[in-house]
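Trainee: Here you go, one structure.
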Amino acid sequence: MSTTNRLPKILQRLTEVGIGVTALVAIVFLLAAVFTDSALETPMEFTPAEDTYSLTSEAWGTGTIHDAVGVARFTERSATLVALSTAKILAYAAASLVLLVLLRNTLKTLSAGTPFVDANVDRIRAIGILIPVFGFLIQGLHWATSLVAMDTVAAEGLHIEASLTLNLTYLFIGLVIVALAEVFRYGSHLQTDADLTI
Amino acid sequence: MGIEVRLDRLLLDRKMTLTELSNRVGITQANLSNLKTGKARAIRFTTLDAICKVLHCQPGDLLSHTTEQEPPG
């Protein structure tokens, strides 16, 4: 088997391993979040109180920390925090699993030597649409957590912020992949012509 | 489609089966079936040459052009 044919098979196997690992990790995290007393962590945006954290550098001079994103850990588990943590784990797991399954099925056809089929056009377009959808969903969940934290959490020397800044990188990546789906559509048309040329 | 493939008629005249033609021409039965039923989108000259050699015919015996009738009105 040539090297060019082996790579799709290797990638297919890697995605299959990824599907298994993702499912397993998601189940472990979900069980830990719901049924154990383990501490719950959540990303949070902070703005330090004025002049609280100053910076000095021989090369860069002086400055202050203006914005920071960190992870807050809570040992006492409120129902709201458990619900938000569970929602985020489910969102991450669903996004990863759906994308990995679509990718695995696409790579299967590539391994079989028939990548230019209509089913792959639909799969690749779905990947292109789902990446920004899932990306914005997960950012939305982080924002929702910060919104709740603003009203319920006090941090000495820090202000908790909740800003919904949508990362447009997801959108650009999605657009590129949707464009790639159109290339595959043309490829599928050419493949059909080739297959039906006697 | 405007191109008609008269493979059935030629096979009948030559008393040959599709299987036999497939073995002699070196094209799969599935592909010959696609050709016979009009599903094929194109035919290579090499294929046309091979079929005509085996069936002892001209391309015009195998292929014909039909004008699709315009609907009235």
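The values are calculated or read from the model by the stated rules, or taken from the named source; none is laboratory data. From a predicted model like this one, the values you see are computed outputs, not experimental measurements. With ideal geometry, Cβ positions are generated from the backbone for all residues, glycine too; neighbour counts draw on all protein chains shown. Calculation scope for accessible area: heavy atoms of the full protein, side chains included, ligands and nucleic acids excluded. Shrake-Rupley method; radii C 1.70, N 1.55, O 1.52, S 1.80 Å.
Trainee: GNM, chain A, Cα, under 10 Å: largest mean-square fluctuation among A:Arg125, A:Arg73, A:Arg185?
Mentor: Looking only at A:Arg125, A:Arg73, A:Arg185, the largest GNM fluctuation is found for A:Arg73.
Trainee: If you average 1/r over every pair of different alpha-carbon atoms in segment A:68-197 and take one over that average, what Kirkwood value in Å do you get?
Mentor: 17.5
Trainee: Something else now. Sorting A:Tyr53, A:Tyr170 by accessible area (1.4 Å probe), largest first, what list results?
Mentor: Putting A:Tyr53, A:Tyr170 in descending order of accessible area: A:Tyr53, A:Tyr170.
Trainee: Quick check: net charge around A:Thr192, other residues with Cβ under 13 Å of its Cβ, Lys/Arg +1 and Asp/Glu -1?
Mentor: On the way: positive: A:Arg185, B:Lys39, B:Arg41; negative: A:Asp118, A:Asp193, A:Asp195.
Summing Lys/Arg as +1 and Asp/Glu as -1 gives 0.
Trainee: Return the calculated 222 nm mean residue ellipticity for the protein assembly as shown, to the nearest 500 deg cm²/dmol, obtained by summing -39500 (n - 2.57) across DSSP H runs with n ≥ 4 and dividing by the residue count.
Mentor: Details: 9 runs with 167 residues, N = 271.
For the protein assembly as shown, the value works out to -21000 deg cm²/dmol.
Trainee: Additional query: Quick check for me: using +1 on Lys/Arg Cβ and -1 on Asp/Glu Cβ, what's the dipole size of segment A:1-132 about its Cα centre, in debye to the nearest 20?
Mentor: On the way: 10 positive and 11 negative charges, 220 e Å.
Using only the charged Cβ atoms, the result is roughly 1060 debye.
Trainee: Could you check which residue among A:Phe184, A:Phe172, A:Phe134 shows the biggest mean-square fluctuation in a GNM of chain A with a 10 Å Cα cutoff?
Mentor: A:Phe172
Trainee: Quick one: net charge of A:Val98's neighbours, Cβ under 15 Å, K/R +1, D/E -1?
Mentor: Numbers: positive: A:Arg104, A:Arg123, A:Arg125; negative: A:Glu16, A:Asp122.
Here the count lands on +1.
Trainee: Per q in 0.14, 0.21 1/Å, what log10 I(q)/I(0) does a Debye calculation on the alpha-carbon atoms of chain B return?
Mentor: The calculated log intensity ratios at q = 0.14, 0.21 Å⁻¹ are -0.43, -0.89.
Trainee: Compactness ratio of segment A:20-100: Cα Rg over 2.2 N^0.38 Å, N = residue count? Walk me through the intermediate numbers first.
Mentor: Details: Rg = 18.1 Å, N = 81, 2.2 N^0.38 = 11.7 Å.
Normalised by 2.2 N^0.38 Å, the Cα Rg of segment A:20-100 equals 1.55.
Trainee: Whole number please: convex hull volume per residue, Cα atoms of segment A:155-198, in Å³.
Mentor: Numbers: hull volume 3.1 nm³, N = 44.
For segment A:155-198, the hull spanned by Cα atoms encloses 71 Å³ per residue.
Trainee: Would you list which lysines come within 20 Å of B:Lys36, measuring only between C-alpha atoms, while excluding same-chain residues fewer than 8 positions from it?
Mentor: B:Lys15, B:Lys53
Trainee: Can you tell me which of A:Gly187, A:Gly157, A:Gly128 moves the most in a GNM of chain A? Springs connect C-alpha atoms under 10 Å apart.
Mentor: A:Gly157
Trainee: Rounded to the nearest 100 Å², what is the sum over both chains of accessible area buried where A meets B, with a probe of 1.4 Å? Before the final figure, lay out the partial values.
Mentor: Details: alone 12750 and 5400 Å², together 17370 Å².
Answer for the A-B pair: about 800 Å² buried.
Trainee: Please list, short to long, the whole-number percent of alpha-carbon pairs of the protein assembly as shown in consecutive 10 angstrom bins beginning at zero.
Mentor: Taking every Cα pair in the protein assembly as shown, the percentages come to 6, 17, 18, 16, 14, 10, 7, 7, 4, 1.
Trainee: Scanning chain A for GluC sites (Glu not before Pro) in DSSP loops with at most 12 other Cβ atoms within 10 Å, what's the longest stretch left with none?
Mentor: A:77-155
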